[in-house]
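Below is one structure, written out as structure tokens, with a few remarks after it.
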2 protein chains.
Amino acid sequence: MPKTIDPYGAELPEDYTKVIKDFGLEEFKVEAFPSPNRLMRRGVIFSGRDLKRISDCIKDKKPFYVLSGIMPTNDKIHFGNKQVVENIRYFQEQGATAYILIADLEAAAARGVTLEEGKKRALEFHIPAYIALGLHPEKTIFYFQSENKDVVHMAYEFAQKITLNEFKAIYGSADPGRIMSAVTQVGDILYPQLATRMPGIIPVGIDQDPHIRLTRDIVNRTKAKKFVPPSSIYHKYTPSLNGELKMSKSMPESCIVLPEDIKTATKKIKRALTGGRETVDIQKEKGGEPEKCMVFELDKQHLIEDDKELQDIYDRCKKGDLLCGECKDIACQKMEEFMTHLEKGIEKARKQVDKLNFVKFS
Amino acid sequence: MPKTIDPYGAELPEDYTKVIKDFGLEEFKVEAFPSPNRLMRRGVIFSGRDLKRISDCIKDKKPFYVLSGIMPTNDKIHFGNKQVVENIRYFQEQGATAYILIADLEAAAARGVTLEEGKKRALEFHIPAYIALGLHPEKTIFYFQSENKDVVHMAYEFAQKITLNEFKAIYGSADPGRIMSAVTQVGDILYPQLATRMPGIIPVGIDQDPHIRLTRDIVNRTKAKKFVPPSSIYHKYTPSLNGELKMSKSMPESCIVLPEDIKTATKKIKRALTGGRETVDIQKEKGGEPEKCMVFELDKQHLIEDDKELQDIYDRCKKGDLLCGECKDIACQKMEEFMTHLEKGIEKARKQVDKLNFVKFS
């Protein structure tokens with residue numbers, strides 16, 4: 001492991017326990033959270049920061065918020081976004097006010113997506129997709145980064161509070177564009193507290209921890225304890241279907257995007273790395289290795305909601321009863337159901353977009 | 001000379017010719033500009049960049065702009081601001097559209113002046129003072145940086161176009177706050193060209209050349225020649241009254257601020273470094289040295305408009321006819337007239353602020 005986690009890198013951490021230790025994270029204790037969601041129950045959520053602050057809010061019914069951002073750069077999202085949405089939904093159900101910001105300013109700066117195009121994409125695809133994935137449409141506050149002067153003003157203020165060396169220590173490197181993007185994200189993360197100082201939780205992949213650390217460092221040096229340092233919760237990556245890296249659009253053959261044509265998705269699943277043995281006979285005798293199987297990982301993280309059903313697949317694989325072909329067919333069937341549900345959900349949510357709660361800025 | 005000019009330093013360049021050479025500036029040729037102002041005629045304006053582009057606009061009556069910013073950090077300005085305003089006025093009279101931005105975002109970030117306070121100060125003092133110093137109230141377009149989303153969006157975009165090493169090469173150092181401030185200034189400098197691509201001239205002290213260079217570098221790598229690289233014009237510093245550094249509020253005894261109580265200003269002028277000799281007798285015999293005299297510098301740069309009147313003071317000093325006491329009395333008298341005029345002008349302009357041409361942002 002390098003000393004810094006690169007938010008822009010593609011590698012999978014070999015050992016999440018080591019990540020927890022190296023970066024001073026807390027282990028996620030599922031028993032501290034009521035009615036844990038699938039990702040929590042199955043250890044996909046593996047760590048966080050300041051989690052007690054949030055479990056206390058849930059227990060004591062005190063106000064807190066959950067926040068995430070959408071980068072409207074293209075017309076697909078990925079399973080990492082799905083994990084984030086499921087966690088947002090979880091905290092919404094536990095009483096959090098949810099904020100979703102559209103990072104159109106960053107998309108414009110870093111990816112050349114004009115603000116108009118970014119706004120259009122977010123309204124036509126990303127926001128409907130998030131709702132289709134479970135985001136509560138009425139209980140969520142949305143805003144466009146480019147319209148939110150408060151966030152920009154905070155970004156300018158926060159930039160004054162860090163040195164280049166601190167930035168490099170957190171991010172491993174520093175360039176002007178990255179610096180501006182990072183301090184803007186700090187502004188986003190703290191924005192809900194401008195109105196009311198309160199705890200907040202940011203559900204992210206571990207690659208986003210630098211932003212959390214930067215935010216917490218900056219909060220700790222602002223005067224008069226204006227902000228509560230944000231808490232965070234980290235999910236493991238969905239690995240690429242060949243098991244080599246985290247799933248990423250840069251390796252399209254090993255990546256299923258959302259939504260994806262089911263034929264294409266099926267083809268990819270059929271080629272995925274499994275925990276199967278050299279031959280059918282050996283597998284029938286020794287059983288498969290679901291721990292090493294990318295199809296089982298998909299089932300576990302995304303496709304099979306029911307714990308018993310998942311356990312059954314695991315047990316039958318271990319016993320050598322369920323072979324890879326049949327198991328892949330099950331996964332493909334589940335994937336088809338999921339994609340159909342997602343596409344219908346997007347279609348439906350698209351019609352409700354004008355009823356959503358967007359922050360109005362003067 | 002260091003390889004970079006520090007926009008935040010206090011030292012006077014020993015040799016402006018060397019500055020021109022070291023930084024690849026053009027010498028300012030007064031004959032290229034019609035009806036040159038006092039600063040131009042007297043060599044206080046000593047250099048620039050891409051000056052022909054501007055003298056051509058004047059000659060051919062083509063559109064161009066002149067732009068400067070106000071940092072609303074306190075309730076005083078200095079003689080450097082006066083030089084800038086006089087140059088803006090000059091180019092306004094030669095056909096330029098003038099833009100004055102209020103750098104409230106930077107003032108908030110770097111100096112902790114809230115946006116409300118910055119706005120109030122600019123409206124109650126800085127803008128009226130600029131008008132009192134000669135800015136044409138009806139021919140000037142004003143905007144507040146914090147309200148100008150276009151400038152902020154450009155800043156984000158431009159940050160992507162430079163590396164940390166380029167920034168360091170231009171500024172000598174780099175920290176996150178300075179980087180954000182610099183790319184925002186680039187946005188300000190180019191903002192008038194969003195509507196119409198045209199040449200622009202930025203009148204500044206030589207310490208601000210890094211911003212000009214950064215802007216020109218960024219323009220040269222934007223696609224499709226979207227912007228004309230800005231021209232610039234540099235004035236020599238008003239030296240501190242003890243002749244040691246550039247005049248600065250950090251050395252209050254050697255600095256006259258605008259406006260300043262005339263008694264205080266008089267006291268400071270009386271103590272200024274002059275070109276006087278060891279004794280009155282020697283001075284009567286050898287004459288004084290106006291080239292080394294801070295009072296003469298004040299006369300030349302700021303207090304005496306009429307060239308013949310200034311020449312007369314110079315000649316009488318050189319001949320030993322005009323001694324330092326009398327000469328200081330003349331300067332104090334001029335300073336009193338100037339301050340009275342300035343204060344009355346501010347008072348008058350303050351009442352017209354609501355009639356000015358502020359850019360409205362949606």
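The values are calculated or read from the model by the stated rules, or taken from the named source; none is laboratory data. Nothing here was measured: the structure is a model prediction, and the numbers come from that model. Quick reminder, even Gly has a Cβ in these numbers, built from the backbone with ideal geometry, and neighbours come from all protein chains shown.
Evaluation of A:Val186 against the conditions (1) over 19 Å from A:Val204 (Cβ atoms); (2) modelled with pLDDT of 95 or more shows that the sole unmet condition is (1).
Looking only at residues in segment A:181-198 that are part of a helix (DSSP H, G or I), under 23 Å from the mean Cα position of the chain (by Cα) and farther than 14 Å from A:Ala103 by Cα, the one that is nearest to the other protein chains (Cβ to nearest Cβ) is A:Leu190. Anything in segment A:29-42 that is under 16 Å from A:Ile88 (Cα atoms) and either surrounded by 15 or more Cβ atoms within 10 Å (Cβ to Cβ) or of a type in the set (Lys, Arg) (or both)? List them, or say none. Once the filter is applied, which keeps residues that are under 16 Å from A:Ile88 (Cα atoms) and either surrounded by 15 or more Cβ atoms within 10 Å (Cβ to Cβ) or of a type in the set (Lys, Arg) (or both), segment A:29-42 yields A:Phe33, A:Pro36, A:Asn37, A:Arg38, A:Leu39, A:Met40, A:Arg41.
Cβ-Cβ distances below 7 Å connect the following pairs, each with a first residue in segment A:335-351 that is within 12 Å of A:Leu123 (Cα to Cα), a second residue that is acidic (Asp, Glu), and a separation of six or more residues or different chains: A:Arg350/A:Glu124. If you go through segment A:305-335 and pick out every residue that is at negative phi, more than 27 Å from the chain's Cα centre (by Cα) and crowded, with 17+ Cβ neighbours inside 10 Å, you end up with 5.
For segment B:160-180, filtered to residues that are assigned to a helix (DSSP H, G or I) and more than 8 Å from chain A (Cβ to nearest Cβ), the residue that is surrounded by the fewest Cβ atoms within 10 Å (Cβ to Cβ) is B:Asn165.
Of the listed requirements (1) within 26 Å of A:Pro199 (Cβ to Cβ); (2) within 16 Å of the chain's Cα centre (by Cα), A:His126 misses just one: (1). Filtering A:Val186, A:Val204, A:Val219 for residues that are in contact with a His (Cβ under 8 Å, 6 or more places away or on another chain), buried (at least 18 other Cβ atoms within 10 Å of the Cβ) and free of Cβ contacts under 8 Å to residues at least 40 places away in the same chain leaves a single hit, A:Val186. Where helices (runs of 4 or more DSSP H) fall entirely within segment A:233-301, those with at least 1 residues that are within 15 Å of A:Lys334 (Cβ to Cβ) are at A:262-270, A:294-298. Whether a residue is part of a helix (DSSP H, G or I) and of a type outside the set (Phe, Trp, Tyr) was assessed, and B:Glu138 does not pass this test. B:His211 is checked against (1) at pLDDT 95 or above; (2) not in a helix (DSSP H, G or I) and fails just one. What number does that condition carry? The single condition B:His211 does not satisfy is (2). For segment A:63-131, the helices (runs of 4 or more DSSP H) that sit wholly inside it and include 2 or more residues that are within 17 Å of B:Gln160 (Cβ to Cβ) are A:104-111, A:115-121.
Just one of the listed residues (A:Ile58, A:Ile45) is at pLDDT 95 or above, more than 19 Å from the chain's Cα centre (by Cα) and surrounded by 15 or more Cβ atoms within 10 Å (Cβ to Cβ), and it is A:Ile58.
Quick check on segment A:53-66. Is at least one of its residues touching a residue at least 12 places away in the same chain (Cβ under 8 Å) and within 16 Å of A:His235 (Cβ to Cβ)? Yes, some residue in segment A:53-66 is touching a residue at least 12 places away in the same chain (Cβ under 8 Å) and within 16 Å of A:His235 (Cβ to Cβ). Scanning segment A:106-159 for residues that are of a type in the set (Phe, Trp, Tyr) and within 11 Å of chain B (Cβ to nearest Cβ) gives A:Phe144, A:Tyr156, A:Phe158. Within segment B:230-239, the set of residues being more than 12 Å from the chain's Cα centre (by Cα) and surrounded by fewer than 24 Cβ atoms within 10 Å (Cβ to Cβ) comprises B:Pro239 only.
Within segment B:208-229, the residues that satisfy the criterion of being of a type outside the set (A, V, I, L, M), more than 14 Å from B:Gly69 (Cβ to Cβ) and within 19 Å of the chain's Cα centre (by Cα) are B:Asp209, B:Pro210, B:Arg213.
Filter segment B:128-152 for residues that are under 15 Å from B:Phe79 (Cα atoms) and surrounded by 20 or more Cβ atoms within 10 Å (Cβ to Cβ) and give the result. Of everything in segment B:128-152, those that are under 15 Å from B:Phe79 (Cα atoms) and surrounded by 20 or more Cβ atoms within 10 Å (Cβ to Cβ) turn out to be B:Ala129, B:Tyr130, B:Ile131, B:Ala132, B:Leu133, B:Leu135.
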